[in-house]
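Report on the following structure.
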Amino acid sequence: MSRRAAAKEGSSSAYTSFQQKRRAQALDRQKNAREDKVQQLRTLALAAIQDDAEAMHEDTQQQPQNRQQQRHRRRGQQQQQQQELPQDTQLYGMDGVNPLQLGGSMMKAYFARQLMQPEWMSDIPQDLGSSWLVMPRPEGKRCLVISTGNYTYARSRTGALLLRFPSKLPGGGPGTSGGESCYCVLDCILQEQEQRIQHQHNQQQQQQRVGMDADMAPAGESTPSQPQQHSANGSSSSSSSGGCTFFIQDVLAWRGYSLVDCGAEFRLFWLASKLQEEAGGSSSSSSWSLDGGNPGPSHSHRFKLLPYWHATPDGLAAAARAGAAAAAAAAAAAGGCPGYVQDGVYLRHVEGHYSQGGGCTPLALLWKDAGCSRYLLDTDGDGVVPEFQQLVLAYQGPPTDGVATADEPPVVLGRLPQEFVQQMGPKLLRPGRLLRFSIRAGGLLFNADGSPAGADLAYEGPANQRRGRADVYTKVLFQWQARRQPLQLEALLAAAVAEQQQQGAGQQQGSSMADD
Amino acid sequence: MAAPVEVTQLLLHAQDPDANVRSLAEQKISQFQEHDYPGFLASLAAELSSLAKPADSRRLAGLVLKNTLDAKDESRKAELQARWGAVDPTLKNQIREALLSTLQMEPQDVRHTAALVLAKVAAIDLPRREWPNLISSLLANMSATPPHHGVRQATLETLGYVCEEMASINEEVLAPEQINMVLTAVVAGMRPDEPSDDARLAATTALQNAIEFAEHNFDNESERNYIMQMVCQGASARDERIRIASFTCLHEIAANYYAKLPAYMGEVFAISVKAINEDSEDVGLQAVEFWSTLCDIELDLADEDDPAEINHHFIKAVVPHLVPVLLKQLTKQDEGQEQEETAWNLAMASGTCLGLLARTAEDAIVPQVMPFVTENIGKNTTAEDWRLREAATFAFGSILEGPSPRSLAEIVRQAMGFLLAAMKDPHPYVRDTTAWTIGRVFEFQHDAGNTDVPELITRETLPQVAQVLLGGLGDQVHIAVRVCDAIGRLAEGFTGYAGQSSPLSPFFKEIITNLLNASSRSDPSHGDSTRLQISAFEAINDMVRAASPDTLDTVGQLTPVFLQEIAKTFNMVTASGEQREKQAELQGQLCGVLQVIMQKLSEVEQYKAAVLQYADQIMETLLRVFGNQTCSVHEEAMLAVGAFTYACGRQFTKYLPSLYPYLKMGLMNHQEWQVCLSTVGVLGDISRNVETDLLPYCDEIMQLLIHNLGSNDVHRSIKPQILSTFGDLALVLGDSFEKYLETVKRMLSQAMHLSVMQAQSSADDDFLDYNNELRIGILEAYSGIFQGLGPGKADLQMKSEVPLIIEFANSIGRDATLDDTVVRNCVNLLGDICTVVNHVGPILRQARTNDWEKLLNYCSDSGHLLGDTEWAINAVHTAVEQAA
């Protein structure tokens, strides 16, 4: 009698039914945990297909044009603001937003806002020698590197996932110490494998070009904070061992501890000492295995901290030829060590926080001249410098029909003629559409106070829409100046010397911060 | 030609009271069977059909013969049937004739044995079209003149058994005209003017088995009318056995021809009410069962909601008339019956039926039952009035499931006070039913997470409730068991309570303490304290599952308590097998509680520490439980390990070396498939938590899993779970999984092939369910692999599999009814593929069919699936657009 067993019992009793309940609970737990796990990777992989290869390679640095006073005022404001206000967009894990819980495109946008955006230097800061740090800038892809949950993720400037791999960064690979809360976030330049091989040809070229600097072995004066010699302890397998090199230029978080609210000087000091701590535990004594070590099974790509100096005359000079020095060192070590081709220098104000949220900060600056970059002037797709300076602007739509930069607020450099707008039609010419222009004979126009007033623009064609945004004004201005009156290393050195003299001989600048 | 041998003595010895004689005879019989199968068959048939032999040896000859033709075990049965099939046709004919002739011979019980054997031979021969004249030979017995009652009875039995055998064969063996003739003979035997009650009973019983084949006859109104008339008349036959059998026929008819019933419901109602009110208990029980069966049918119809299947809503119509009849039966309790778990009488059956009526008729039942409840629940004028109080309470408890919570909310609110007071009723039967009813009230009317219904148990009412329940834990054991259940349901109702502190929190510790005390109660008045222990532990589990954040500290304190309890079990006396079994069961319950505690604490990050502070002790204890069994692995301990891994995370790595032998043993335990299944699941838990630290064990684990997947000894339910586990391992091992990839790819493509074939030859629901499990396993495995390998590697290693997977998705898309979980997993897998593999668009476009698109559309159109799958739908669309 089947009903007999069910009578008056409902869901009660019988050990087996309780056990069944626990089995079901265990299965639920397993199912959910499985889905969570696969969902994590799904979210990461998803961002990768929404990747925009164009925008990734693009290096749209920016700097709004202003007079020096304005610039300094703004720098002062920014310094003040960051002490008063917490950053509205905090680092991964710090603002309660777990980016893994965001949808693909939202997550991509989230990561895109994490990297600090420097301006281009169009005039020299007055406190260059006393308050700025200078670092060589390798050619490559700027990226955000996150080590967490036993994986290391590299994301492009647009937030797209470039690589996922195990590394020896804390939290970044199997066997690295630390629990869930252990993660690191670094600001890096990625030198890809093929790029590196190609650059090995270029290194020679560059060495010859700046050959007189090649024997500059920095001993004593202007000592870089990180040794540039790389351990030769058996790791000198040939460069065909593969793997990419991440040149670390900044740190956002280390072992779960956020550094975005710290000054640049502290961040770099912290980074250098933490990397050395990590190296202390490894077998290699002179150099942390992350730094220059060759890829291994659990360590497919290498990391290297870039050297930095105070932007004193000596520091500036050392930074400007650091690429060549690294290339020379690489050649001396007979492979395995990452050299790089330099593309100018990266300057940061010592007190400047790591500014996030997508907008440019005047406390971080890019600069290059022909002595420390292969591409002072922008080139086209074929590597040829076009006759006229090219720029990409965004169409603002009716009624103004203006075309403007990506700054906030946008700098309007011109307006599309009525008949042109009609000819293109609303389908092709939606607001936000990116258009390519060249600057003709009329050049850039300025107001009396030096602020931008427009430009003599000629329409060249539609830009690749997938790059995401127009050029910023400081980039346009830097390129404009570079074609006419480039800001040479000598000018920077002179400014630093003048500042030193002004402040008297009491200070000994130029020593490494890490040694302090 | 096999010559029969004298076997009389041998068979008689096989029934000898002396065990030595018996076993020697049994041995000789089986030797005979092995060495000379044809001779063996011929001898048994000769014995059975020989009037001169003793009835005992003839009967046993028949039974032995029957056992050479059939076995419970399917593979053994197939073997026996094949062996009979290979027997020389002449001998087979000889045996068939002997069987038919035995039907004509006295005594009756030998005829009966022959009927059983005949059906077994028919089960083999008829599908092979080898005994074409069987049915006509049997029918000849029925029309013989003068009629012989004994022969007719045995023939009707044979017809019934043959129908029963045919029903278990899927193909249609009997020709329509054969079925017609069988039914005519059977129904003729059921006529009221049948002189032999035994023959009429045999006919009625045969009809139960034949009804399934009577589709054509039930389509014909006059034939149907005649059959129904015979059945209904049987319900008032002189012989009680015939009345019982007639109601059983009605169950079968309702189950098979529900749609044809309307014309007969008036009469069926009348005879069933008469049986319930006036007939013997056994007949009354079958009459009540008819209505319960009808409820089952209408509940299924309401569930499936298939417009092609008519629901006549008989139950709704009958409720006002049937309910009073049933309520009257509730007062016919057998005193002391509440303590017997297997008690079954009209009162119990009527209460059960009332519960089914409530589920079927829903709100309509409430006004029919409540007057009886309010009138009787407080009756206390005579000593026998406890029957009224108990009946009223039982009636109330029975209708709590079915009617909408809204329609009952106010009534239940008013009844609560009454019920709580009744827990002090002088009669234990009333207290027992009251405790059961309170549990049902909590189960169906108390859900703090449901804002649609006003809260039944509030901070104001809970103190009294708690006090009464805690008191009830000290009552007689069978009542305390029900109180434990009620506490469990009470806790369950607070599971959905949002906030730091539920109304249960202030009583949390006290209730748990009392449950612990109850679990260790040994009541001399009642031998069965195990049941109380089980119920008390499960109530603790429910309390823990429902614990709100402010009681998690108390939950944390339970860990050492239960570790201590487990330690105590090792002091139990374990001399006998039964005692060892008892120890293992108690350890299982305790590990179960430990599992629930650890899972609860691990869900909250800061309470993981509460588990971790005892980590070594927990693992030592669980290992000791494992070590206590020599050839098996304790499943509950294994599940506890699974829960433990979530508290530990990667730290679990240090326990891997000591656990691994048991993990391996569990994976190899094919006999106890639940143990194996749970172990596979726990392996997934471990992998998620220790990740690559599992690597040193993976070669062997993968070998075991792959072996299990290919083995016929392994229960099929385990196989989908193994595939999912491949996904788990691929996900956490990443590149290190590559060395298993070729094998796993092969396994998966075999599994996909099997699944696609199964989907094409779709059979019964059971098969479809299993295929869906298999599909989920396959889909989870692939998702794990694609995502575990990541963008570059997946493109390189897995792209070649993509066309196969798309065909697999197509097969799923062709399902008549899509399963949500399968579809969601499948769409997500397509999303995975489009995300990590390049240029999937062209492959999707080139697929043989585009049934996979149905899956995407199904998710797009479904509100609840879209959220989980939108990303995947977009990813697939992007891939397809890029290919355009």
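State which residue is nearest to residue B:797 (Cα to Cα) when the search covers only the range B:832-884 and only residues that are of a type in the set (S, T, N, Q) and away from chain A (no Cβ under 12 Å). Quick ask: steps written out before the conclusion?
Of all residues in the range B:832-884, those of a type in the set (S, T, N, Q) come to B:835, B:838, B:846, B:849-850, B:857, B:860, B:862, B:869, B:874, B:878, B:882.
Those left that are additionally away from chain A (no Cβ under 12 Å): B:846, B:849-850, B:857, B:860, B:862.
Numbers: B:846: 20, B:849: 25, B:850: 25, B:857: 29, B:860: 31, B:862: 34 Å.
That would be B:846.
Inside the range B:755-779, can you point out the residues that are surrounded by 14 or more Cβ atoms within 10 Å (Cβ to Cβ) and closer than 22 Å to residue B:681 by Cβ? I'd like the intermediate steps shown before the answer.
In the first step, residues of the range B:755-779 are kept if they are surrounded by 14 or more Cβ atoms within 10 Å (Cβ to Cβ); the result is B:755-756, B:758-759, B:768, B:770-779.
Correct list: B:755, B:770, B:771, B:772, B:773, B:774, B:775, B:776, B:777, B:778, B:779.
Just to check your reading of the model, which residue among B:202, B:206, B:214, B:210 is surrounded by 21 or more Cβ atoms within 10 Å (Cβ to Cβ) and closer than 19 Å to residue B:263 by Cβ? Full working, then the answer.
On the way: B:202 fails: closer than 19 Å to residue B:263 by Cβ; B:206 fails: closer than 19 Å to residue B:263 by Cβ; B:210 fails: closer than 19 Å to residue B:263 by Cβ.
After applying the criteria, what remains is B:214.
Table: residues versus (1) surrounded by fewer than 24 Cβ atoms within 10 Å (Cβ to Cβ); (2) in contact with a strand residue (DSSP E or B) (Cβ under 6 Å, 6 or more places away or on another chain); (3) within 23 Å of residue B:749 (Cβ to Cβ); (4) not basic (Lys, Arg).
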residue: B:790; (1), (2), (3), (4): yes, yes, yes, yes
residue: B:815; (1), (2), (3), (4): yes, no, yes, yes
residue: B:822; (1), (2), (3), (4): yes, no, yes, yes
residue: B:846; (1), (2), (3), (4): yes, no, yes, yes
residue: B:851; (1), (2), (3), (4): yes, no, yes, yes
residue: B:860; (1), (2), (3), (4): yes, no, no, yes
residue: B:866; (1), (2), (3), (4): yes, no, no, yes
residue: B:872; (1), (2), (3), (4): no, no, yes, yes
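Any residue in the range B:645-657 that is under 19 Å from residue B:595 (Cα atoms) and more than 13 Å from every other protein chain (Cβ to nearest Cβ) sitting within a Cβ distance under 9 Å of a residue that is small (Gly, Ala, Ser) and surrounded by fewer than 22 Cβ atoms within 10 Å (Cβ to Cβ)? List the pairs, counting only those 6 or more apart or interchain.
B:655/B:615
Do we find that residue B:421 is in contact with a Pro (Cβ under 7 Å, 6 or more places away or on another chain) and of a type outside the set (Asp, Glu) in this structure? If you could, list the steps in order and put the result at the bottom.
Details: in contact with a Pro (Cβ under 7 Å, 6 or more places away or on another chain): no; of a type outside the set (Asp, Glu): yes.
When the stated conditions are applied, residue B:421 does not pass them.
So residue B:387 fits all but one of (1) touching a residue at least 24 places away in the same chain (Cβ under 8 Å); (2) assigned by TED's automatic domain parsing to the domain that holds residue B:482; (3) over 21 Å from residue B:319 (Cβ atoms); what number is the exception?
(2)
For the range B:227-243, what are the residues that are within 13 Å of residue B:192 (Cα to Cα), surrounded by fewer than 17 Cβ atoms within 10 Å (Cβ to Cβ) and touching a residue at least 12 places away in the same chain (Cβ under 8 Å)?
Answer for the range B:227-243, where residues must be within 13 Å of residue B:192 (Cα to Cα), surrounded by fewer than 17 Cβ atoms within 10 Å (Cβ to Cβ) and touching a residue at least 12 places away in the same chain (Cβ under 8 Å): B:233, B:236, B:238, B:239.
Hey, among A:425, A:397, A:450, A:432, which residue is at positive phi and in contact with a Pro (Cβ under 6 Å, 6 or more places away or on another chain)?
A:397
For residues that are modelled with pLDDT of 70 or more and surrounded by 21 or more Cβ atoms within 10 Å (Cβ to Cβ), scanning just the range A:496-516, find the one that is farthest from the chain's Cα centre (by Cα). Walk me through it before giving the result.
Keep residues of the range A:496-516 that are modelled with pLDDT of 70 or more, which gives A:496-503.
From what is left, the residues that are surrounded by 21 or more Cβ atoms within 10 Å (Cβ to Cβ) are A:496, A:499.
Values: A:496: 26, A:499: 30 Å.
This residue is A:499.
Could you go through the range B:843-860 and let me know if any residue there is basic (Lys, Arg) and part of a helix (DSSP H, G or I).
Yes, because at least one residue in the range B:843-860 is basic (Lys, Arg) and part of a helix (DSSP H, G or I).
Please go through (1) within 14 Å of another protein chain (Cβ to nearest Cβ); (2) surrounded by 24 or more Cβ atoms within 10 Å (Cβ to Cβ) for residue B:625 and return the number of the only condition it doesn't satisfy.
(1)
Every residue in the range A:374-388 that is among the β-branched types (Val, Ile, Thr) and either in contact with a Leu (Cβ under 9 Å, 6 or more places away or on another chain) or within 16 Å of residue A:463 (Cβ to Cβ) (or both), please. First the steps, then the outcome.
Going through the range A:374-388, the residues among the β-branched types (Val, Ile, Thr) turn out to be A:379, A:384-385.
Of everything in the range A:374-388, those that are among the β-branched types (Val, Ile, Thr) and either in contact with a Leu (Cβ under 9 Å, 6 or more places away or on another chain) or within 16 Å of residue A:463 (Cβ to Cβ) (or both) turn out to be A:379, A:385.
Being away from every other protein chain (no Cβ under 14 Å), outside any helix (DSSP H, G or I), under 25 Å from residue B:223 (Cβ atoms) and out of contact with any strand residue (DSSP E or B) (no Cβ under 7 Å at 6 or more places or on another chain) is the requirement here; does residue B:254 meet it?
On the way: away from every other protein chain (no Cβ under 14 Å): yes; outside any helix (DSSP H, G or I): no; under 25 Å from residue B:223 (Cβ atoms): yes; out of contact with any strand residue (DSSP E or B) (no Cβ under 7 Å at 6 or more places or on another chain): yes.
Considered against the rule, which asks whether it is away from every other protein chain (no Cβ under 14 Å), outside any helix (DSSP H, G or I), under 25 Å from residue B:223 (Cβ atoms) and out of contact with any strand residue (DSSP E or B) (no Cβ under 7 Å at 6 or more places or on another chain), residue B:254 comes out as no.
Step by step: first the residues of the range B:10-49, then only those that are of a type in the set (S, T, N, Q) and touching a residue at least 24 places away in the same chain (Cβ under 8 Å), then the one that is nearest to residue B:112 (Cα to Cα). Which residue is that?
First, the residues of the range B:10-49 that are of a type in the set (S, T, N, Q): B:15, B:20, B:23, B:27, B:30-31, B:33, B:43, B:49.
Cutting the leftovers down to touching a residue at least 24 places away in the same chain (Cβ under 8 Å) gives us B:15, B:33, B:43, B:49.
Details: B:15: 19, B:33: 24, B:43: 19, B:49: 12 Å.
Of everything passing the filter in the range B:10-49, B:49 is nearest to residue B:112 (Cα to Cα).
Which of the residues that make up the range B:775-812 are more than 13 Å from chain A (Cβ to nearest Cβ), under 21 Å from residue B:842 (Cα atoms) and either touching a Ser or Thr at 6+ places or on another chain (Cβ under 8 Å) or not hydrophobic (A, V, I, L, M, F, W, C) (or both)?
Those that are more than 13 Å from chain A (Cβ to nearest Cβ), under 21 Å from residue B:842 (Cα atoms) and either touching a Ser or Thr at 6+ places or on another chain (Cβ under 8 Å) or not hydrophobic (A, V, I, L, M, F, W, C) (or both): B:797, B:799, B:800, B:801, B:803, B:804, B:807, B:808, B:810, B:811.
If residue B:540 satisfies every condition in (1) of a type in the set (A, V, I, L, M); (2) buried (at least 23 other Cβ atoms within 10 Å of the Cβ); (3) not assigned by TED's automatic domain parsing to the domain that holds residue B:466 but one, which is the exception?
Against the list (1) of a type in the set (A, V, I, L, M); (2) buried (at least 23 other Cβ atoms within 10 Å of the Cβ); (3) not assigned by TED's automatic domain parsing to the domain that holds residue B:466, residue B:540 comes up short only on (3).
Which of (1) touching a residue at least 40 places away in the same chain (Cβ under 8 Å); (2) away from chain A (no Cβ under 14 Å) does residue B:382 not meet, given it meets every other one?
Evaluating residue B:382 over (1) touching a residue at least 40 places away in the same chain (Cβ under 8 Å); (2) away from chain A (no Cβ under 14 Å) leaves (1) as the failure.
Just checking, does the range B:3-20 include any residue being surrounded by fewer than 21 Cβ atoms within 10 Å (Cβ to Cβ), within 40 Å of the chain's Cα centre (by Cα) and of a type in the set (Val, Ile, Thr)?
For the range B:3-20, residues surrounded by fewer than 21 Cβ atoms within 10 Å (Cβ to Cβ), within 40 Å of the chain's Cα centre (by Cα) and of a type in the set (Val, Ile, Thr): absent.
Just give me the residues in the range B:298-348 being of a type in the set (Gly, Ala, Ser) and under 20 Å from residue B:386 (Cβ atoms), in sequence order. Don't jump to the end; show me each part of the working.
Just the residues of the range B:298-348 that are of a type in the set (Gly, Ala, Ser), to begin with: B:302, B:308, B:317, B:336, B:343, B:347.
Those that are of a type in the set (Gly, Ala, Ser) and under 20 Å from residue B:386 (Cβ atoms): B:336, B:343, B:347.
Taking the options B:441, B:430, name whichever one is modelled with pLDDT of 90 or more, under 17 Å from residue B:411 (Cβ atoms), within 33 Å of the chain's Cα centre (by Cα) and not hydroxyl-bearing (Ser, Thr, Tyr). It would help to see each step written out before you state the result.
Numbers: B:430 fails: under 17 Å from residue B:411 (Cβ atoms).
After ruling out the rest, the residue left standing is B:441.
Looking only at residues in the range B:472-502 that are closer than 17 Å to residue B:451 by Cβ and crowded, with 24+ Cβ neighbours inside 10 Å, which one is farthest from the other protein chains (Cβ to nearest Cβ)?
In this case the residue turns out to be B:502.
Give the range B:332-370 a look and list any residue that's surrounded by fewer than 21 Cβ atoms within 10 Å (Cβ to Cβ) and closer than 23 Å to residue B:476 by Cα, or say none.
Of everything in the range B:332-370, those that are surrounded by fewer than 21 Cβ atoms within 10 Å (Cβ to Cβ) and closer than 23 Å to residue B:476 by Cα turn out to be B:332, B:334, B:335, B:336, B:337, B:339, B:340, B:341, B:342, B:343, B:344, B:345.
Hey, any hits in the range B:272-293 for a residue that's closer than 28 Å to residue B:239 by Cα, of a type in the set (Lys, Arg) and either free of Cβ contacts under 8 Å to residues at least 60 places away in the same chain or outside any helix (DSSP H, G or I) (or both)? Outline the logic, then answer.
Of the range B:272-293, the ones closer than 28 Å to residue B:239 by Cα are B:272-293.
This time we only want the ones that are of a type in the set (Lys, Arg), so: B:274.
Those still in the list that are either free of Cβ contacts under 8 Å to residues at least 60 places away in the same chain or outside any helix (DSSP H, G or I) (or both) too: B:274.
Checked the range B:272-293: at least one residue is closer than 28 Å to residue B:239 by Cα, of a type in the set (Lys, Arg) and either free of Cβ contacts under 8 Å to residues at least 60 places away in the same chain or outside any helix (DSSP H, G or I) (or both).
Does residue B:348 qualify as being in a helix (DSSP H, G or I) and free of Cβ contacts under 8 Å to residues at least 12 places away in the same chain? Quick ask: steps written out before the conclusion?
Details: in a helix (DSSP H, G or I): yes; free of Cβ contacts under 8 Å to residues at least 12 places away in the same chain: yes.
The answer is yes for residue B:348.
I'm trying to understand the selection: among the residues of the range B:313-336, which are assigned to a loop (DSSP other than H, G, I, E, B) and modelled with pLDDT of 90 or more?
Within the range B:313-336, the subset assigned to a loop (DSSP other than H, G, I, E, B) is B:313, B:331-336.
Residues satisfying the conditions are B:313, B:331.
When you scan the range B:640-675, how many residues do you find that are under 17 Å from residue B:625 (Cβ atoms) and of a type outside the set (Phe, Trp, Tyr)? Break it down into steps so the answer makes sense when it comes.
So in the range B:640-675, the residues under 17 Å from residue B:625 (Cβ atoms) come out as B:640-645, B:655, B:658-666, B:669, B:672, B:674-675.
Retained after the next criterion (residues that are of a type outside the set (Phe, Trp, Tyr)): B:640-643, B:645, B:658-659, B:661, B:663-666, B:669, B:672, B:674-675.
Number satisfying all stated conditions: 16.
The values are calculated or read from the model by the stated rules, or taken from the named source; none is laboratory data. Keep in mind that what you see is a predicted model, and the values were worked out from it rather than measured. All Cβ positions, glycine included, derive from the backbone under ideal geometry; neighbour counts span all protein chains shown.
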